[in-house]
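Every read-out reported here was derived from the displayed coordinates using simple, explicitly stated rules and does not represent laboratory data. The shown structure was predicted, so the numbers you read here are calculated from the model rather than taken from an experiment. We place every Cβ from the backbone using ideal geometry, glycine too, and count neighbours over all the protein chains shown.
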Amino acid sequence: MAATTTQPVQDGIHALPPREKWTPEARKRRDLYAVVPGAPLLRGEFGYLCVEEWLKQGFPAEYASKPWAYEPFLCEGSGSHGLGGLGWCEGGYVPGFEVKILEDRGDTEVEQDWVGRKVLYFKGRRNGFMPEYIDHPVKDTKTWEEQIKWRLDPATPSRFDARWEESMVRAKEAAARGEMIVQHLAGSGMYLRAMMGVEAMLLNLYDQPKLIEACMERWFELADAVIARHQQHVTLDEVFFAEDICYNHGPLIGPAMMRSMLMPYYQQLLINVKRRQLDPIRHLYVQIDTDGDCRPLIGFYEETIGMDAMSPFEVASGCDVVEIGQRYPKLVMKGGIDKRVLAQGREAIDAMLARIIPAMRARGGYYPMCDHCVPAEVPFRDYLYYRKRCAELGG
């Protein structure tokens, strides 16, 4: 008698559900990642730093905390479900530092934030501008161990509390709808600079390599443990690193230093994640998010960690998604809409979108979004126009 094989359950965890069970946004998302030429484009936005000004221009106050939900913006669900626990612009501290005011300077105040930095803010304001980071907690091995290391302990019980259990239920429900399950985490650029500051981080790569090694070992230990717990419940579709390792003229850290000091931890983490997948044939996408000029690192990340996706392609730093998309035809690309042009009027908006969206839709694998948060200089009514044109051109 011939042996029979049991097909995996198509629950989104052990195998993908049938396409007809996917939500419309999940279909768009998976077609985006498959780089399907001509597929309708997802509609969404990076973020908003403009709401305070827009409220003076007629933007409904009830959407102030969730501008993407304002129906005339024509945004839609992302077709994905994000998993956290590992930080984003900072590491996954549990517990965080006590947030408190350290100094009153009249119109400004110095605050200790939740990751131990001393930050200069305008008094009473925390959003809509770039604050000044005055000091960071990690100076050397002693301050690393006393201030930070224990906050990144994967065995801390409160990491996996009732809220975490609820998040796993929601993740399973999303997987059954065909949504991509995405693990977000702070990459080395974000993680190290939040503890040390940019300049000290760069100097420490040379002056205190053992400190960097200790920090990255803890980064790996925490990320591997948290993701392993998530993978007991779901199959991951993507690992999304918040990196910010570039500035307006290129990488902050050269490829040789990245290859020796940082990439071994990424590579081992991804090996472990792939080995644990409940759906062993599912492709695991890898995304890097970095502001600045990312072009010198695209090939590097593809070679070292198999990067599939990148964002947000900052135009002011020389990133042209049409040009980059031609050079890297299989790269999933999100961003590349020049936020500055949205403040230059409708004729300029039309010219930009006419050059980018038809070409990138024909290519496939593109998600049009601003190359960072929408700034306050963008008029509310012109932003509405931009969203309408994106929907018309993107299908």
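Things worth noting here:
- Scan of segment 2-48 for residues that are touching a Leu at 6+ places or on another chain (Cβ under 7 Å) and without any contact (Cβ under 8 Å) to a residue 40 or more places away in the chain, ordered by number: 10
- Positions within segment 145-156 being assigned to a helix (DSSP H, G or I) and farther than 15 Å from residue 114 by Cβ, in sequence order: 145, 146, 149, 150
- Segment 194-207 residues that are under 17 Å from residue 254 (Cβ atoms), paired with ones that are assigned to a helix (DSSP H, G or I) (beta carbon under 7 Å, 6 or more apart): 201/192; 201/193; 204/196; 204/211; 204/212; 205/212; 205/257; 205/261
- Screening the candidates 58, 47 for the property of being farther than 15 Å from residue 76 by Cα, surrounded by fewer than 16 Cβ atoms within 10 Å (Cβ to Cβ) and in contact with a Phe, Trp or Tyr (Cβ under 9 Å, 6 or more places away or on another chain) yields one hit, 58.
- Residue list for segment 128-144, filter: within 9 Å of residue 117 (Cα to Cα) and assigned to a loop (DSSP other than H, G, I, E, B): 136, 137
- For segment 23-64, a residue qualifies if it is among the small types (Gly, Ala, Ser) and within 20 Å of the chain's Cα centre (by Cα), and the qualifying residues are 26, 34, 44, 47.
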